[in-house]
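A.B. asks: Let me begin by handing over the structure; questions about it come next.
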Amino acid sequence: MYNKKIIEKDFTIIIPSKEIDNNLTFCIKKIREFYKKVKIILVIDKSTKKIIYKNIDIIKSSNLNIGAKRNLAAKKSKTKYLCFIDSDAFPSEPWLKYHYQNLIRFHISGGPNISFNGNDENKKLVARARFLSFVTYDPDIKSKKFNNKFVEFLPACNFCIRKKTYLSLGGMAENLYTNEEIKLMDNLKKNKFKIFLDSRPFVYHKERGIRKFFYQRLNYGSSLVYNFLKYPSSTSFLGILSLTPVLFFLTIFFILLNEYIMYFFIIQFSTLLLLTTLFAIKIKKNASFTKSFIVILMCIYGFGLGFIFSLFD
């Protein structure tokens with residue numbers, strides 16, 4: 001079932017961004033290739049460029065966190081369904097038709113966000129790293145080839161939800177700088193709503209370079225303990241486990257106290273070194289081994305370092 005007129009009437013697409021930049025204008029351009037009339041709400045810190053397309057509302061939000069921006073737009077919307085996409089993502093086909101079919105049965109429908117790298121080798125390396133299960137808890141979210149399924153978590157760069165459901169559950173966390181979707185996902189599960197992941201309504205998500213990827217890992221790590229205590233789930237528990245490599249290295253101060261502790265440290269260090277090497281080889285392809293090794297180190301230790309740094313904020 002696909003009725004373009006219904007989709008354009010019943011959906012509001014919400015896009016948060018710091019400003020109207022090239023990524024955002026490209027995202028809007030790609031959406032308008034498929035849906036000329038669908039309502040779009042931009043929530044931005046500041047406006048420095050003009051938007052040439054019609055049926056777009058712009059909300060200036062100052063420096064709100066991204067969850068607060070999405071909640072603000074959701075309250076302003078007047079349609080039955082809300083669609084969330086990031087400003088650095090874009091559709092390659094009329095993906096809302098699949099979300100619409102799913103929303104008839106479920107309250108929320110999500111799809112994959114496929115890494116878009118261009119010809120940048122560093123971004124391609126980061127994209128390959130994201131397919132590792134300890135980097136992306138559900139690698140299917142980065143793939144177009146999987147069996148549709150129910151999940152515990154969807155990233156907000158590509159999902160649609162019934163507006164009434166979103167508002168009744170309080171939307172996304174407004175106090176979190178990252179991982180703001182976790183509050184909504186937790187409330188959906190508590191209220192027995194099924195979170196559906198469909199392989200068909202995918203979008204492309206522009207990948208980060210190595211440095212920005214590392215900053216992202218640090219930011220995610222800074223809120224892991226809070227997320228687990230506030231929203232305990234298998235997803236947030238896996239986040240807590242990702243802190244262990246850095247916490248393990250903190251035990252180096254105790255290795256001189258006991259020779260058995262020293263042996264345990266050596267075994268653990270050797271194991272981590274071996275795993276880092278194997279994963280670096282796995283994602284290497286045409287990249288240098290040194291660069292691949294550094295990316296894997298970021299993957300393994302980024303969360304833990306972010307948590308440690310957050311203690312001194």
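The values are calculated or read from the model by the stated rules, or taken from the named source; none is laboratory data. Computed from a predicted model, the values in this text were never measured in an experiment. Please note: Cβ atoms are built from the backbone with ideal geometry, for glycine as well, and neighbour counts cover all protein chains shown. Side chains included, ligands, DNA and RNA excluded: accessible areas come from the protein's heavy atoms. Shrake-Rupley method; radii C 1.70, N 1.55, O 1.52, S 1.80 Å.
A.B. asks: Just one of Tyr220, Tyr231 is within 23 Å of Leu64 (Cα to Cα), within 14 Å of the chain's Cα centre (by Cα) and hydroxyl-bearing (Ser, Thr, Tyr); which is it?
C.D. replies: Tyr220
A.B. asks: For segment 103-123, give me each residue that is buried (at least 22 other Cβ atoms within 10 Å of the Cβ) and outside any strand (DSSP E or B).
C.D. replies: Matches in segment 103-123: Leu103, Gly111, Pro112.
A.B. asks: Restricting to segment 184-231, what's the tally of residues that are open to solvent by less than 60 Å² (accessible area, probe 1.4 Å), outside any helix (DSSP H, G or I) and either touching a helix residue (DSSP H, G or I) at 6+ places or on another chain (Cβ under 6 Å) or of a type in the set (Val, Ile, Thr) (or both)?
C.D. replies: 8
A.B. asks: Do the conditions hold for Ile15, that is, is it in contact with a Leu (Cβ under 8 Å, 6 or more places away or on another chain), in a strand (DSSP E or B) and open to solvent by 50 Å² or more (accessible area, probe 1.4 Å)?
C.D. replies: Considered against the rule, which asks whether it is in contact with a Leu (Cβ under 8 Å, 6 or more places away or on another chain), in a strand (DSSP E or B) and open to solvent by 50 Å² or more (accessible area, probe 1.4 Å), Ile15 comes out as no.
A.B. asks: Counting just the residues of segment 21-51 that are more than 25 Å from the chain's Cα centre (by Cα) and within 20 Å of Ala89 (Cβ to Cβ), which one comes out least open to solvent (accessible area, probe 1.4 Å)?
C.D. replies: Across segment 21-51, the extreme among qualifying residues is Ile51.
A.B. asks: Hey, another quick one. Would you mind finding the one in Asp57, Asp86 that is open to solvent by 10 Å² or more (accessible area, probe 1.4 Å), among the acidic types (Asp, Glu) and under 29 Å from Phe150 (Cα atoms)?
C.D. replies: It is Asp86.
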